[in-house]
Amino acid sequence: MDPFLLEALLNGVLLGGVFALPVLGLNLVFGVVDVVWLCYAELVMVGMYAVWFLHVQMGWPLALAFVTCLPILAALGLLLHLLVVRPLLAAPPINQVLATGGVLFVLQGAATLVFSTDFRSLGVEMPPMELGEVFVSGTKLAAFVAALLGAAALWAFLKFTYVGTAIRAIARDREVMPLMGVDPKRIYLIASAVGGGLAGLAACLLVVQLDVHPFVGLSFGPITFMICVMGGLGNMLGGFLAAFLMGLIVSTGGFWWNTEMSYVVAFLFFILVIFLRPQGLFAR
Amino acid sequence: MSGAAGTLDLSGVHAGYGDFQALFGVGLRVEPGEAVGVVGPNGAGKTTLLRVISGLIRPRAGTLRFGGQDLAAMPAHELPGLGIAHVPENRRLFPHLTVEENLRVGAYAKAARAHFAERRDRVYAMFPRMKERRHQLAGTLSGGEQQMCAIGRALMSGPRILLLDEPSAGLAPLVVKAVFDLVARIRQEGLTVLIVEQNVAQVLRVVDRAYVLETGRVSAEGAAADLAADPAIRRSYLGGH
């Protein structure tokens, strides 16, 4: 096979792994709380700044900055739920969208105020690795492996714990949960913290690949939402698969056409899916 | 003395949804070890009654006590911990979870988790069919099996009283008989049972006493055998022979 195509395919898979985390986080929160966090990519942006600030400004070791980023973002997820989402749980969906959309602008504004619009770089790059005929970025490979580990940990949590099983149950039937001894409010809090934590993990993986600036969320936020819709909103497995599909489309789109057009190809594919299967590619 | 261990005691309970009032001063008492039925036509308030007891709806007036505890003062999700388990109307299983995962959700309460394996094995001993299908999605079970699974899920919290809402609804006649046999078996385990049913003939065979609920009020109560022999009840609910 053409080594350039092979490289494009490989990069697509690696990209899909990075898309997968925010998609899982958004789907988790939507499935449980039934509210879309429009500001999800901006939570990731905050996480990227947290890692950059701790590592570059404070001089912490990178690993420590990564590990600290997760609880910070989990706490941010909790705060978002308590301050913005919970008061609007009974409100019409449009109000919830407007509120979490408002948080998006608040976070962008706050980041601009605190960190200015400069692009901040972590300045770490792992050496490229040679796999057969193709070279692959060591950073991307490490991010991919970490994303898969994160997804596997989430799967195990949802599959094998009492709280995880209740999270999967509540996504289908909210009202009956108290009869099982489950306090839905508490499950909402847990899902919001885990959703925030996943944004934190995504931030760690992205900050080594992208420079941080207040509007960095725009470079992966829209595609994250598209993937969620393609996989079926709230459908974790569908979102996970759609993330890889989208990763492949973006990277091979660049191969067939040219790199500038790769996202155009992805958006065209998305429009096609919405026309043909509005309920999502993997809806049952 | 009222409020003995495990006595369910309701008096003067008013409840409803929004502008609609479903219960008007309902009183009811279930002693430990008893099986009590609540029968009546569709829309009489039977389901509302169970939902008030398990805290899904708050009463507007009246008192609800279980083992002396004031139920109205507690959040619904704490009631399973008190020993109240409610098998809701239409079973409400989680269709996308396996049988065993449904049982695990039923054992969510902190006090129940330590007993998960032991109670699951007891449920499987009671319903061998559930053991065979433990890795199957609950949505793929037949109606009768779903009822077994729903009852099993309720038993996972280690209840003292089991509330059953229309366990025979939507099932084929042969399966209905099997479900009532099941209720009889649960009684043998020493559980207190409060069962709401439209299938009056069948339910009067498995309970000790019953209440007749009509348009939100208790219109008659008594021993199951007496009610089954009562001409007015026979006329209204038992086909009038």
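Every read-out reported here was derived from the displayed coordinates using simple, explicitly stated rules and does not represent laboratory data. Since the structure is predicted, the reported quantities are computational estimates derived from the model, not experimental observations. Cβ: placed from backbone, ideal geometry, glycine included. Neighbour counts: every protein chain shown.
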Which residue out of B:ARG129, B:ARG60 is in contact (Cβ under 8 Å) with a residue 12 or more places away in the chain, more than 22 Å from B:GLY18 (Cβ to Cβ), out of contact with any Cys (no Cβ under 8 Å at 6 or more places or on another chain) and more than 12 Å from chain A (Cβ to nearest Cβ)?
-> B:ARG129
If you go through region A:165-176 one residue at a time, do you hit one that is surrounded by fewer than 20 Cβ atoms within 10 Å (Cβ to Cβ), in a helix (DSSP H, G or I) and among the hydroxyl-bearing types (Ser, Thr, Tyr)?
-> no
Between residues in region B:68-79 that are in contact (Cβ under 8 Å) with a residue 24 or more places away in the chain and residues that are among the polar types (S, T, N, Q), which pairs lie under 7 Å by C-beta distance while being six or more apart or on different chains?
-> B:LEU79/B:SER54
Just give me the residues in region A:141-200 being within 14 Å of chain B (Cβ to nearest Cβ) and β-branched (Val, Ile, Thr), in sequence order.
-> A:THR161, A:VAL163, A:THR165, A:ILE167, A:ILE170, A:VAL176, A:VAL182, A:ILE187, A:ILE190
Looking at A:GLY101, A:GLY123, which one is in contact (Cβ under 8 Å) with a residue 60 or more places away in the chain, within 23 Å of the chain's Cα centre (by Cα) and either within 14 Å of another protein chain (Cβ to nearest Cβ) or assigned to a helix (DSSP H, G or I) (or both)?
-> A:GLY101
From the list B:ALA35, B:ALA44, B:ALA111, which one is surrounded by 22 or more Cβ atoms within 10 Å (Cβ to Cβ), of a type outside the set (Val, Ile, Thr) and touching a helix residue (DSSP H, G or I) at 6+ places or on another chain (Cβ under 8 Å)?
-> B:ALA35
State whether the residues of region B:14-34 include one that is closer than 21 Å to B:ALA150 by Cα and aliphatic (A, V, I, L, M).
-> no
Just wondering, is there one or more residues in region B:113-126 that are of a type outside the set (S, T, N, Q) and facing chain A (nearest Cβ under 9 Å)?
-> yes
Among (1) of a type in the set (Gly, Ala, Ser); (2) in contact with a strand residue (DSSP E or B) (Cβ under 7 Å, 6 or more places away or on another chain); (3) away from every other protein chain (no Cβ under 14 Å), B:ALA154 falls short only on (3)
Residue within region B:31-47 that is in a strand (DSSP E or B), among the polar types (S, T, N, Q) and more than 10 Å from every other protein chain (Cβ to nearest Cβ) present = no
Select, from B:GLY83, B:GLY106, the only residue that is within 10 Å of chain A (Cβ to nearest Cβ) and either among the aromatic types (Phe, Trp, Tyr) or buried (at least 19 other Cβ atoms within 10 Å of the Cβ) (or both).
-> B:GLY106
Any idea which of A:GLY253, A:GLY181, A:GLY234 is over 30 Å from B:GLY158 (Cα atoms) and crowded, with 22+ Cβ neighbours inside 10 Å?
-> A:GLY253
Flag for B:HIS96 being over 20 Å from the mean Cα position of the chain (by Cα), at the interface with chain A (Cβ under 10 Å from one of its Cβ atoms) and touching a residue at least 12 places away in the same chain (Cβ under 8 Å) | yes
